[in-house]
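Student: Following this message is one structure expressed as C-alpha cells.
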Amino acid sequence: MIRGMVKDATDGTPLIYATVAQTGAETEIIAGVTTDEQGRFSLAVSSVISVRIRVQYIGYEQLDTTLYPDKLRQKDDVIFYLNPIVNKLTEVTVTAEKNAVNSGMDKQSFNARQLGNTTSGTGLDVLQRLPSVTVNTEGKILMRGNAEFLVTVNGKFTNQSAADILALLPANSIESIEIISAPSASMDAEGKAGIINIVTRTDIDRGWGIVLNSGLSSIRPDRYNADLLLHKAAGKFNAFISGNYRIYNIGGYRKGFIRTIHQDTLTYSPSGGIRPTREQVYGVRAGLSYHPDKSSSLSTGIYYGYKQNDRTAILDYHQYFSVLEPLDLNADFSGISPERSFLNSNLFIRTGKFFTATTDYSKTFSNKSKLSLSAIYEHSVLGGPLSNKDEDNNTGTLTLLERSDEVSPLDAWRVQADYAFQIFGNMNMETGLQWRTVHHKGEFSFERQNLSSGLWERDPEFNDRLDLRQNVSAAYTQVNGKIGKTDFRAGLRAEHTYRTLTHLLGDRPFTLDQWDIFPSLQLYRKLSHGRSLRLGYSKRIDRPTTKALAPFKNHRHSEAIWIGDPDLKPEISHNMELGFVKVMDKISLSTTLYHNRTQNLIFRVNDSYNRITLFTISTNAGNSHATGMECTADWMLHPVLRIYLSGNVYNFQLYNLQNTTVSDRSSINYNINTNISWKLLNKLKTEWNVNYLSRTVTAQGFDTRLLLSNIALKYPVNKSLTLDLIWQNIFNTNVQTIYTSNPVFISSTEYSKYDRILILNLSYKFNDAGKNQKTIKTDYGEKDF
C-alpha cells in the first residue's frame, strides 16, 4: 500500500482529484485511484520490488516515476509534485492557470484569483463574484436567499457575519472561498444556509519573506489601503506577523418617502439628501507553529483588530398631513404646500475592538488515527455614539437634538476535541465534543435635550442595561468511507443550547433551553470522461444575535425606532442539493440543483410608531423555501482569452407571514456573474467583470435589481512587483431601492453610492512562493457589530 499526497510544484497546493496509477511495462494501467479533498491518496500495489507510477492532473505535466523497495517500505507519506504546463507561442508565453471552480464531496471551491479584479479590495469584493451569494447596495449578504450562514477562516469556525469578516481581510490574502451548503456532522450546525470557508494562503516556505500590498484611489476623500506580511520558517518552527490598514470613504445619496396612517391622520413625508460613509479598518496578526515531527504539530496565534463605520445622513424632509376620510395611503399631495419642512442631520458611528487568542494541537498516531484539540478565547468591545438633530428649513431654529451611546463588552470561549480512526478497509470514523460560551453585556444610553433649559434629559424607554449568556454543548459521530465507486459521509450531531437574557427594564429573565439533532449525508461518485456527481443533505440552525434579542427601543434616525425580541426562536433549516461536474480539455462545467426549507424565519418588520416614524421589530415572521439551480462555466477559449461565467436562479417563497398585508410572497430571483480575462501583450492583462442581481421579495416588500461592473489592467513588472489599475463601477449603477409596506404604512428608499473611482494598486513579494499565514478571526463579536 502506498499512501501520500499530490501537490502543485510551484506553491505546494494539494491537487484535488489528481490520478495516481500503477502502470505495467507497456504503460498499461494496473490499478489507479484519485486524490481526495486534501490531495491525499492510498494505492494498493501488486509488487514489493519496484513499482512504476504515473500521476496526472488537468493543466499539469504528467509525472512518470519508479518507486523502489526502500521507498515502498517507509512509513512516511510519498509526495508527488506536478509542474503546470507551459506552452510557448510566438511572442506570447502562456502558463496554465488553476481552475476557477473545483468541486468536492460537500463543497465548491472558487479560486479568488480567477474571479475578477479584486486585488485592492476586501474579501467582500471576492465574495460577490460567487453564484451562491448576492450582496445588495447596503452590504446585506444572502446565500441562496438566506442572510444567515456561518463563516470560517481556514476551517476555524466562527459566528461572525460575512460582511464584517471580509471587510477586515485584504482580498489579496485570500487563496479561495469554499461554499459548503450541506455540511457534515463534524462541522458546526450554526448557519442555516451553510458555511462559507475563506482559505488564506497557508504553509510558509523555508527562509524568510515579505509580502506588501497597497492601493490608492483618492487622497480627498481618503481612499487607500496597505497590508504587510513578514514570515520566517526555519527548522521545526514557522512564524509570521502581519498588519493591514484601510480607509475607504464613499459619497452617497438617499431619497425616498414614508406614508403612514396613524390614528386619524395620513402623513406623507418625502426626503432626500447626502449619505456618505467612511470605513476605517486596521488589524495585527501574529502566529507561531512548532512541528516536532511529521506526526504532530502545535500552533498558537493572536489577533487584534479595529473597525469603525461612520454613516452620515443630511436629509431635507417635507411633511404633508391629511385628516380627510377615507384615509388613503396613495393619496395625491401634488400642488399642496408642506405643513412642515426641516433638515435632519444624523451621524451614526459604529466601532468595534476585537481580540482573539487561539491554540491548536494535532497528533497522528502509528495506526493513522488522529487527535485534534483546539481552544479559542475572544474579547470584543462594541459600541459607538449616535447624534440626531432637526432644524427648521425656514427659520434655522433647532427643533430636536438627541444623542445616544453604547458600550458592549463581550467575552467568549470555544473548546473542541476531535478524534478520527480507521474502522476497517476504506471506512473511518470521526467523533468529537465541543463547548462554547458567550457572555455579552451592554450599557445603552439615550438623551434628548430640553430646548428651553438646554439640559439633557434621559428617556427611560430608550435607556437600558443588558446581560446575555449563552452556552452551546455539542457532540457528533460521523462515518466516512467508500462503497464501490461511491464515497460517502454520514453523521449525526447533537447540540444543547441554554440562553438567558436579563435587562434593567425587564421584570423577568428570558431563557431558552433546547436540544436539537442534526443529521447529515454526503455522497460523491466520480464517473467516466471527467464527470462527477454529488448529493448532500444537512439540517442547520441559526441562533439570533444579541442585537435581534435586545428588548428595548433604539432610536436610529428620524424614520426608525428599532426593538428586538428576547423570546426569538432559532431558525431551523433543511438543505438538500444535487451537483454534477464535467471537466474537459479547455472548459469545466458544473450544475447544482438545491432546495432549502426554513422555519421560524427572523425578519425585521415595520409598523407605524407615530406620524413620521416606523417601528422596526425583530420577529419570527414566518417560513420560507427556495428551490433553484446554480451553474458555472470556466472556459479557456484561447491561450490568451479566458471566460468565467456563473449564475443562480431560484424560486423564493415566504409563507405563513405575520405582520404583513399577505400571508405568502414569492419571486423568481436570479444573479449573473462573469469575468473575462484577456492577455493583451506578453505581460499586460485586462479583466472585465459584471455582477447582476435581480429584484427579490422580502417579508414586507422587495429590493430592486442591482448592476455592478469593473475593469482592470494588470502588469507584472517582474516576479516580485505587480501593478494593477482598476476602474470600479464603470457604469455608475450602484443604485438600489428598498420598499416595504403594510396596511398602515408605505416606505420606499433609494440608495445611491458614488463609487465610480480609479484605484492604483501595487503588490510586492520577496521570497514568497504564494503561501503565508493562518488567519485568526473573532468568534462572536463581529457578528453583533
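The values are calculated or read from the model by the stated rules, or taken from the named source; none is laboratory data. These figures come from a predicted structure and were not determined experimentally. Don't worry about glycine lacking a Cβ; one is built from the backbone with ideal geometry, like all the others, and counts go over all protein chains shown. Side chains are part of the model used for accessible areas, which takes the heavy atoms of the whole protein and leaves out ligands, DNA and RNA. Shrake-Rupley method; radii C 1.70, N 1.55, O 1.52, S 1.80 Å.
Student: Over the heavy atoms of ILE561, what accessible area does a 1.4 Å probe trace out, to the nearest 10 Å²?
Tutor: Number for this one is 10 Å².
Student: For TYR282, tell me the accessible area in Å² from a 1.4 Å probe, rounded to the nearest 10.
Tutor: The accessible area comes out at roughly 80 Å².
Student: How far apart, in nm, are the 7 Å Cα→Cβ label points at ASP264 and ARG695?
Tutor: Reported label-point gap for ASP264 and ARG695 is 3.8 nm.
Student: Using unit Cβ charges (K, R positive; D, E negative) and no other charged atoms, how large, in debye to the nearest 20, is the dipole of the stretch 512-619 about its Cα centre?
Tutor: 560
Student: What is the local net charge at ARG448, summed over the other residues whose Cβ is closer than 13 Å to its Cβ (Lys, Arg +1; Asp, Glu -1)?
Tutor: -2
Student: Less than 13 Å Cβ to Cβ from PRO292, Lys/Arg counted +1 and Asp/Glu -1: what total charge do the surrounding residues give?
Tutor: Local net charge: +2.
Student: For the full complex of protein chains and a 1.4 angstrom probe, list THR749, THR364 by accessible area with the highest value first.
Tutor: Accessible-area ranking of THR749, THR364, largest first: THR364, THR749.
Student: Based on alpha-carbon centroids, what's the gap between the stretch 511-590 and the stretch 682-699 in Å, whole number please?
Tutor: Taking the Cα centre of each part, the stretch 511-590 and the stretch 682-699 sit 24 Å apart.
Student: For a Förster distance of 45 Å, can you work out the FRET efficiency between the beta-carbons of TYR715 and LYS236, rounded to the nearest 0.05?
Tutor: So, using R0 = 45 Å, E works out to roughly 0.70.
Student: Continuing with the same structure: Expressed as a rounded percentage, what relative contact order does the stretch 369-434 have, with Cα pairs under 8 Å and six or more residues apart?
Tutor: The normalised contact order for the stretch 369-434 reaches 38 percent.
Student: I'd like the carbon and sulfur percentage of the solvent accessible area for the stretch 542-617, probe radius 1.4 Å, heavy atoms only, ligands and nucleic acids excluded.
Tutor: 56
Student: Let me ask you something else. State, as an integer percentage, the relative contact order of the stretch 468-549 based on alpha-carbon contacts under 8 Å between residues 6 or more apart.
Tutor: About 25 percent, as a whole number.
Student: If contacts are Cα pairs under 8 angstrom and at least 6 residues apart, what is the relative contact order of the stretch 556-691 in percent?
Tutor: Contact order relative to length: 19 percent.
Student: Rank these by accessible area, largest first, 1.4 Å probe: LYS714, LYS485.
Tutor: Reading off the accessible areas and sorting them downward yields LYS485, LYS714.
Student: In the structure displayed, which of LYS7/LYS539; LYS370/LYS482; LYS526/LYS765 lie more than 31 Å apart, Cα to Cα?
Tutor: From the list (LYS7/LYS539; LYS370/LYS482; LYS526/LYS765), the Cα-Cα distance tops 31 Å for LYS7/LYS539; LYS526/LYS765.
Student: Can you send over the solvent-accessible area of HIS574, 1.4 Å probe, protein chains only, in Å² to the nearest 10?
Tutor: 50
Student: Can you tell me the length gained on complete extension of the stretch TRP208 to THR486, counting 0.36 nm per residue apart and subtracting the Cα distance?
Tutor: 95.8 nm
Student: Under the rule a/c < 1.5 gives rounded, and otherwise a/b versus b/c splits prolate from oblate, where does the stretch 548-610 land using the Cα gyration tensor?
Tutor: Prolate is the answer for the stretch 548-610, as a/c is 1.5 or above and a/b outweighs b/c.
Student: Calculate, for the stretch 358-400, the solvent-accessible area per residue in square angstrom, rolling a 1.4 angstrom probe over the heavy atoms of the protein chains.
Tutor: Ligands and nucleic acids excluded, the result is 49 Å² per residue.
Student: May I ask which of LYS363/LYS719; LYS107/LYS714; LYS236/LYS368 have a Cα-Cα span longer than 26 Å here?
Tutor: LYS363/LYS719; LYS107/LYS714
Student: LEU455 to ASN394: extension gain in nm, 0.36 nm per residue of separation minus the Cα-Cα distance?
Tutor: Between LEU455 and ASN394, full extension yields 19.4 nm more.
Student: If you don't mind, there's one more thing I want to ask. To the nearest 0.05, what FRET efficiency results for VAL407 and MET429 with a Förster distance of 56 Å applied to their C-beta separation?
Tutor: Step by step, r from the Cβ atoms, then E = 0.75.
Student: Taking all protein chains as present, what is the carbon and sulfur share of the accessible area of the stretch 210-356, in % to the nearest whole number, probe 1.4 Å?
Tutor: Of the solvent-accessible surface of the stretch 210-356, carbon and sulfur hold 61 percent.
Student: Also, quick follow-up: Can you work out the FRET efficiency for the pair ASN656 and THR591, with r the C-beta to C-beta distance and R0 = 35 Å, to the nearest 0.05?
Tutor: Calculated transfer efficiency: 0.65.
Student: Leaving ligands, DNA and RNA out of it, rank MET629, MET143, MET429 by accessible area with a 1.4 Å probe, largest first.
Tutor: Ranked from most to least accessible, the order is MET629, MET429, MET143.
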